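Have a look at the structure below, then the notes.
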Amino acid sequence: MTSAEEFIPAVRLDNEDVWETLAPRLRDLVVHGRFILGPELEEFEREAAKVFGCEWAVGTSSGTSALLLALRAAPLEPGARVALPTNTFYATFEAVVMAGYEPVLVDHDADYLLDPATVADLDLQAVVAVHLYGLPVDMTALMSLARDRGWWVLEDCSQSHGATVAGRPAGSLGDAGAFSAYPTKNLGAWGDAGFVTGSDPELFEEIRSLRHHTQRQANVHLGLGGTERLDNLQALVLSEKLRRLPEEVERRRMIGAWYRDALDGMELVLPGDRGDRTHVYHQFVVRVPDRYGVRERMGELGVGTGIHYPTPIHLQPGASDRFEAPAHFARAEASMHEILSLPMFVTLTQGEVDRVASTLRRAIGKG
């Protein structure tokens with residue numbers, strides 16, 4: 001790296017413009033002490049429901065709480081068998097277990113996603129479809145199976161804000177959608193945040209109750225819930241970022257196209273749209289030999305990278321003896337040693353993309 005070249009991080013957050021826009025409203029919120037529940041949260045929930053094509057949205061304290069509350073509110077019996085991919089963030093697995101269900105782990109397809117064909121013959125009551133890295137699962141095929149077999153389907157949309165299947169937004173395709181709004185997400189708050197989307201009115205009321213100690217009216221508790229509310233400060237931030245999401249999704253898709261052009265000829269399998277499923281590039285993931293060596297060399301040359309995720313659920317110590325595995329995880333155990341996330345953020349320039357690509361070529365010995 002020359003002295004004139006700045007380090008390109010794996011992710012770069014730019015919140016200055018959002019701060020300038022929101023500063024007066026943030027001051028008003030703080031001065032008047034409207035921190036928990038209220039108009040800012042309701043505003044975000046209304047707008048999120050519209051953007052994600054649903055009848056409602058419920059703000060939660062994190063993506064994990066969004067998953068857990070959606071699963072707890074689902075019309076499933078204790079011990080229900082729930083399929084999910086082994087290649088996902090640990091929170092997806094945690095939520096299934098903590099909701100009182102039995103995880104059934106399955107391998108991923110060529111795009112690191114749950115393949116409907118792998119679950120077609122399993123004895124299940126529900127499926128968690130994880131839209132990983134920015135590309136949605138084949139929800140058309142999955143929902144056809146689900147309706148035929150009576151499965152309840154939760155979309156884990158934590159990495160797919162703005163993605164679509166056949167023109168419909170991720171989060172509106174299953175029985176409910178759970179989103180993380182962690183700061184690095186395509187729609188990111190200024191702390192932990194999440195939300196659930198859906199159109200079932202009974203599910204809506206149950207999730208709202210569970211996030212607030214099972215209260216449907218003040219001081220009347222119907223069961224055991226918790227403090228899983230989205231606070232008004234984060235709701236205000238997310239409302240502003242929601243307005244910017246379509247433009248930022250298009251920017252990410254442009255950056256993805258730059259990457260594909262810059263990496264052409266390197267014999268890498270590159271992410272992209274798959275038929276009517278649009279990719280929104282939360283991550284730009286490639287597979288390389290000697291992944292840790294390549295990552296170290298790229299760092300020395302001034303480019304940061306990430307790994308999402310190095311250890312599948314079935315190999316996590318905390319998951320031991322807590323799941324069923326109907327088949328071997330051949331793809332996951334191969335990709336776990338090779339997947340590498342290249343820098344991806346909306347302020348990435350074409351020049352920076354070209355530099356990342358040339359650095360990767362050098363790191364793997366092809367340039």
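The values are calculated or read from the model by the stated rules, or taken from the named source; none is laboratory data. Nothing here was measured: the structure is a model prediction, and the numbers come from that model. We place every Cβ from the backbone using ideal geometry, glycine too, and count neighbours over all the protein chains shown.
Looking only at segment 267-290, which residues are closer than 30 Å to LYS50 by Cα and either not assigned by TED's automatic domain parsing to the domain that holds ILE339 or not hydrophobic (A, V, I, L, M, F, W, C) (or both)?
PRO271, GLY272, ASP273, ARG274, GLY275, ASP276, ARG277, THR278, HIS279, TYR281, HIS282, GLN283
Name the residue that is farthest from GLY63 (Cα to Cα), counting only residues in segment 215-266 that are modelled with pLDDT of 95 or more and of a type in the set (Lys, Arg).
Among those residues, the one meeting the criterion is ARG260.
State all residues of segment 31-49 that are in contact (Cβ under 8 Å) with a residue 40 or more places away in the chain and β-branched (Val, Ile, Thr); if no residue qualifies, say none.
ILE36 - this is the single residue of segment 31-49 that is in contact (Cβ under 8 Å) with a residue 40 or more places away in the chain and β-branched (Val, Ile, Thr).
Being of a type in the set (Asp, Glu) and either in the same structural domain as GLY63 (by TED's automatic domain parsing) or touching an Asp or Glu at 6+ places or on another chain (Cβ under 8 Å) (or both) is true for just one of ASP264, ASP231. Which residue is that?
ASP231
One residue is enough: does segment 294-316 have a residue meeting the conditions surrounded by fewer than 17 Cβ atoms within 10 Å (Cβ to Cβ) and farther than 27 Å from ALA363 by Cα?
Yes, segment 294-316 contains a residue that is surrounded by fewer than 17 Cβ atoms within 10 Å (Cβ to Cβ) and farther than 27 Å from ALA363 by Cα.
I'd like to verify a number: residues in segment 267-289 that are over 28 Å from VAL165 (Cβ atoms) and either at pLDDT 95 or above or touching an Asp or Glu at 6+ places or on another chain (Cβ under 9 Å) (or both), how many?
2
If you go through segment 101-118 one residue at a time, do you hit one that is within 18 Å of LEU203 (Cα to Cα) and either at pLDDT below 95 or of a type in the set (A, V, I, L, M, F, W, C) (or both)?
no
Out of (1) farther than 30 Å from ALA83 by Cα; (2) within 20 Å of the chain's Cα centre (by Cα); (3) small (Gly, Ala, Ser), what's the single condition that is false for SER335?
Of (1) farther than 30 Å from ALA83 by Cα; (2) within 20 Å of the chain's Cα centre (by Cα); (3) small (Gly, Ala, Ser), only one is false for SER335: (1).
Every residue in segment 188-226 that is farther than 16 Å from SER65 by Cβ and among the hydroxyl-bearing types (Ser, Thr, Tyr), please.
SER199
Against the definition (surrounded by 24 or more Cβ atoms within 10 Å (Cβ to Cβ), assigned to a loop (DSSP other than H, G, I, E, B) and touching a residue at least 60 places away in the same chain (Cβ under 8 Å)), how does GLY177 come out, yes or no?
Taking the combined requirement at face value, the residue does not satisfy it.
Could you pull out the residue among GLY59, GLY100 that is in contact (Cβ under 8 Å) with a residue 40 or more places away in the chain, assigned by TED's automatic domain parsing to the domain that holds SER199 and of a type outside the set (A, V, I, L, M)?
None of the others qualify; the one that does is GLY59.
Consider VAL220 carefully, then state whether it is assigned by TED's automatic domain parsing to the domain that holds ALA99 and over 19 Å from GLY38 (Cβ atoms).
yes
All but one of (1) in contact (Cβ under 8 Å) with a residue 40 or more places away in the chain; (2) surrounded by 18 or more Cβ atoms within 10 Å (Cβ to Cβ) hold for SER209; which doesn't?
With respect to (1) in contact (Cβ under 8 Å) with a residue 40 or more places away in the chain; (2) surrounded by 18 or more Cβ atoms within 10 Å (Cβ to Cβ), SER209 is out only on (1).
Would you tally the residues in segment 181-204 being of a type in the set (Ser, Thr, Tyr) and buried (at least 21 other Cβ atoms within 10 Å of the Cβ)?
Of the residues in that region, 1 qualify.
Among the residues of segment 115-134, which ones are crowded, with 24+ Cβ neighbours inside 10 Å, of a type in the set (A, V, I, L, M) and in a loop (DSSP other than H, G, I, E, B)?
Hit for segment 115-134 is LEU132, nothing else.
Can you find, within segment 245-292, the residue that is surrounded by the fewest Cβ atoms within 10 Å (Cβ to Cβ) among those that are without any contact (Cβ under 8 Å) to a residue 12 or more places away in the chain and part of a helix (DSSP H, G or I)?
The selected residue is GLU247.
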